[in-house]
Amino acid sequence: MPVVSDTFDRTVSNGWGSATSGQVWSTSGGDASDYSVWGGRGEHLQLVENVLHHSFLTVGSSDQTVKSTVTVPVNPLGGGVSSWVLARMTDPSNYYAALLGIGTTGTTTVALYKRVGGSLSMVSSSVTVGTHAAGNMWTTAINVVGSTVRAKAWKVGDLEPSTWHVTITDSSLATGDQAGVASRREAGNTNEFIDIHWDNFSAIPTEITVNTQDVYPPRALVTVTGPGVGDSIEVYRVVAGERTLLRAGSSESLTDSSFLVLDAEMPFGVPVSYLAVVNGVLEYVTGSTTYTLSGGLPVVTDAISGLAAQAVILAWDEKRYGRPSSRFQVGGRNVVVTDDWGQFDGTIEFVTESTSQRDNLMTVLTDATEGVVQIRQPGGYDGVDSYVSVVGATERRFSQDGTDQRRIIAVDAVETDPWALTVEARGYTLQDIADAYPAEPTMVTSYTFTNTTEGWTATRATLARVAAPSEAGDGSLRSTPTGAGSVFIQPPDVPVSADNRYTVTARVMSPLGWFDQSVFLQGDWLDSGGGFILSTRDPSPPEMLPPGEWTTLTFTNVAPPGAASIRLRISQDDPDEEITTSDLIYVDYLTVETGSALYDLANGFPTLLDIAQAEWSA
């Protein structure tokens, strides 16, 4: 089952349409027109109190980690506002919920609830997680594994808590495979209306999956998704009913809801499955796969460094075993004290057909981690698969003059245990990918007002380029209001490409300060004919501009289908028409950047986990 995710990069009316990962959203509560998607967010329009709006979709597993970000654009009046993240949901009458409650004083709490047969009850204590101000964004997460239910919440911009705020044990709901979000204006709320905005939704089913990496020899990337932060986990390889703990395959306390481990030591030609044990109790298992070793020849490998060499075993005549023992003669009799039967030693003769094959084998033998290699055969040969310590080797030629490239490499081998389990197998890591793909975005356009106003225009204001004030020291754009009413200042339209990600950033300052009203950054996406598609704005505009302090305005969004340009503007909102000519605004700079090579790569994968599970070659 895939990870369910939604970034809401679409426009939908009377519903939420289909998530980024393809699942169809269902809704319940209120009117159809209360649900929409635009501007990179899913909306619940709350027109009246005590109406619970649900949006939900199918995850496919009852064990889930569900997370989403909510923006509540107001300070609640008269009564609170609640946002809910739902898990193990069967329908709108049966689910667990992590409820984020915002009170009229701004106090924000998280608690666990369950709804069973339509009856809602609080099943945990309520924990204060911060103080809300209008426009703040909050992330709420709920984790359900077996009978354990946990929740936490935090303000966007703060670090995610490393532990869960509330945890309970409950077995009332065992089978729901849906997840979602909900919101409500609580009893007594007197706000005129509230647009609840949702973004960055994800639902990760708790399961174990295997991706075969197409390298020589094959490796298996085992992924366990959905356990909670703080859970313990053990991942085993299972062959003929026998469990073997994978290298780096355990953690006493997870720091992430996904656990990945590489198996570069599995046998070939026999059925192999993988088993994850969460918290010592819950077990998740894969189906069986028979891995094939291409070429039909044995392979000598070092899982830690990733070295591998194909070779023919010419002779392995014997394995010598022995016991540590001491012999004493007592009264004419031999008394022997022995220990356990030991591991074998012997001489293994490999034959290589070419100089390159010989060099490859010798590299593995000489550079092996701790001098240990693993020998595996393609299947059907008993007594070959083993770990040995290479204590010596003898090279023999087929011809004394060297014209024949064939060599016999006679290896003095001593059977030993594998490398320590804490030493991780070599694979292609996310860091390798990040190193190969630069993370820096590309500058589309930049306005710094070094010499001129650079083509900017204004509504109800006059513009001038001035040398000071300037945060960067190279000049700024001054906007002087000409009378009452909101002021709009804007640069020339900026060309864009549909489906590319853009970040717009501006630095502004008000010498006298700008209070009670808002200053925000907005962009209108336009088609090739200049037609309006949709708008995007700063999701968390400042509540005020402190006198004389430079403040950042910014938003990031993906250009919608059909977009050819974006029309930007900085708005100095004046709904009460109190603005005067002394309410100056200075713009130090505005930049438009697009994605990055790494982001463009990520566009092809719904989640970071999908990137990690993909096949990569150096």
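The table below gives the values:
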{"item": "Whole-Hz couplings from phi, Karplus 6.51/-1.76/1.60, listed for segment 324-339; x for Gly and Pro", "result": "x, 8, 10, 10, 10, 9, 10, x, x, 10, 8, 10, 10, 10, 10, 10"}
{"item": "Evaluated over the chain, the Cα radius of gyration and Dmax, each in Å", "result": "32.3, 121"}
{"item": "Count of Lys pairs (Cα-Cα under 18 Å; at least 8 positions apart or interchain) in the chain", "result": "4"}
{"item": "Volume per residue that the Cα convex hull of segment 103-187 spans, once the total is divided by residue count, Å³", "result": "121 Å³"}
{"item": "Rounded percent of accessible protein surface that carbon and sulfur make up, segment 216-314, 1.4 Å probe", "result": "51 percent"}
{"item": "At R0 = 56 Å, FRET efficiency that the Cβ-Cβ distance of residue 32 and residue 320 yields, to 0.05", "result": "0.10"}
{"item": "Carbon + sulfur, % of accessible area of segment 334-388 - ligands and nucleic acids excluded, 1.4 Å", "result": "45 percent"}
{"item": "Surface accessible to a 1.4 Å probe, per residue, for the residues of the chain, Å²", "result": "44 Å²"}
{"item": "Whole-percent carbon and sulfur share, accessible surface of segment 18-135, 1.4 Å", "result": "51 percent"}
{"item": "The chain, helix-only ellipticity at 222 nm - DSSP H runs n ≥ 4, -39,500 (n - 2.57), divided by all residues, nearest 500", "result": "-1500 deg cm²/dmol"}
{"item": "For the chain: relative contact order, % (alpha-carbon pairs under 8 angstrom, 6 or more apart)", "result": "10 percent"}
{"item": "Computed FRET value (nearest 0.05) for residue 384 with residue 363, which takes r as the C-beta separation and R₀ as 30 Å", "result": "0.90"}
{"item": "Between 0 and 90°, nearest 10: helix 355-367 axis offset from the chain longest Cα axis", "result": "80 degrees"}
{"item": "Cβ crowding within 10 Å averaged over residues, with 78-84, 165-171 ranked highest first", "result": "78-84, 165-171"}
{"item": "Only Lys, Arg (+1) and Asp, Glu (-1) charged, at Cβ; segment 450-513 dipole about Cα centre in debye", "result": "200 debye"}
{"item": "Relative packing of 321-332, 448-459, 117-128, which averages over residues the other C-beta atoms within 10 Å, highest first", "result": "448-459, 117-128, 321-332"}
{"item": "17 Å reach of a label modelled at residue 394, 7 Å along Cα-to-Cβ, counting backbone N of segment 300-321", "result": "314-320"}
{"item": "For segment 529-574, the Rg and Dmax computed from alpha carbons only, in angstrom", "result": "13.7, 41"}
{"item": "Relative contact order for segment 266-338, counting Cα pairs under 8 Å that sit 6 or more residues apart, in percent", "result": "18 percent"}
{"item": "Cβ-based net charge around residue 68, under 12 Å, with every Lys or Arg adding one and every Asp or Glu removing one", "result": "0"}
{"item": "At R0 = 56 Å, FRET efficiency that the Cβ-Cβ distance of residue 450 and residue 162 yields, to 0.05", "result": "0.75"}
{"item": "Whether segment 1-118 is rounded, prolate or oblate, judged on the alpha carbon gyration tensor where a/c under 1.5 counts as rounded", "result": "oblate"}
{"item": "DSSP-assigned coil residues among GluC sites (Glu not before Pro) in segment 196-254, each with at most 10 further Cβ atoms within 10 Å", "result": "252"}
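The values are calculated or read from the model by the stated rules, or taken from the named source; none is laboratory data. What you are looking at is a predicted structure, and each value in this text was computed from that prediction instead of being measured. Glycine also receives a Cβ, built like all others from the backbone with ideal geometry; neighbour counts cover every protein chain displayed. For accessibility, only protein heavy atoms count, side chains too; no ligands or nucleic acids. Shrake-Rupley method; radii C 1.70, N 1.55, O 1.52, S 1.80 Å.
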